[in-house]
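A short write-up of the structure that comes next.
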Amino acid sequence: TSKGLELASFYRGVIADVDEVRQLSPLPETETELRAMADYLGADEDSIYLKERATETQVKALPLDNNKVVAFSTHGLLSGEIKGLAEPALVLTPPDKGTAQDDGLLTASEVAQLKLDADWVILSACNTAAGDSPGASGLSGLAKAFFYAGARALLVSHWPVESNAATALTTTMFEKIKKNPAIGRAEALRQSMLQLASSKDYAHPFFWAPFVVVGEGGL
């Protein structure tokens, strides 16, 4: 989200103000989420990119087409949500000085230029499918860009999500798949939603209802 920011100062020309990007609220629970997903997938430590390793420069340099699952756990911004942002973006760790190559915001147009061969892209971030605000581009922008880049299925959210609930949902989902790989992605999500809905902390639909599998959900 853009809470606490002076939106008019977020952008300077076409490059984001990295000082403002840096002021976005931290999401420490995302490390737990990513490590849990890596554990379920049997991925090693080198496949987890956190803090200073989680940059645009790093994402653009990685051979992502070697990975069948790619996950981002971070802030998601809609086009128009902050002044000067003409397309949706994922927030990554900004550099000391912003450039056209790396200003801390991985935009839809930059996503479309990635080379993927992913069965599943997990976007555990706010508003990655939403597009209800006037002029906002959600699924038609950011998520669609991942399909263009080579993803076959996406996990996205229709409204801003509570980060702890997102962590619980995604880790439970991967646990379901690990126990029964034949159930498919959409069914694993459904079972994870049911488990959260029956819990004390996340029973309200606000916590689990925004998520949806788009694309090849039955595999």
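The values are calculated or read from the model by the stated rules, or taken from the named source; none is laboratory data. Everything quoted here is computed from the prediction, not taken from an experiment. FYI the Cβ positions are ideal-geometry reconstructions off the backbone, even for glycines, and counts take in every protein chain you see. Areas reflect the complete protein model, heavy atoms only, side chains present, ligands, DNA and RNA absent. Shrake-Rupley method; radii C 1.70, N 1.55, O 1.52, S 1.80 Å.
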Would you work out the relative contact order for the stretch 137-219, in percent, from Cα pairs under 8 angstrom that are 6 or more residues apart? 41 percent
Greater than 21 Å apart at Cα, pairs in LYS51/LYS144; LYS115/LYS144; LYS144/LYS179; LYS68/LYS178; LYS51/LYS179; LYS51/LYS115: LYS51/LYS144; LYS144/LYS179; LYS51/LYS179; LYS51/LYS115
Which net charge results for the neighbourhood of ALA153, defined as the other residues with beta-carbon distances under 14 angstrom from its beta-carbon, given Lys and Arg at +1 and Asp and Glu at -1? 0
Need the C-alpha centroid separation for the stretch 12-48 versus the stretch 85-111, integer Å. 13 Å
Got a sec? What order do THR99, THR167 fall in by accessible area at 1.4 Å, biggest, i.e. largest, first? THR99, THR167
Accessible-area order (highest first, 1.4 angstrom probe) of the listed residues HIS75, HIS158, HIS204: HIS204, HIS158, HIS75
Contact order relative to length for the stretch 49-122, counting C-alpha pairs under 8 Å separated by 6 or more residues, stands in percent at 41 percent
Solvent-accessible area per residue for the stretch 143-216 (1.4 angstrom probe, square angstrom): 47 Å²
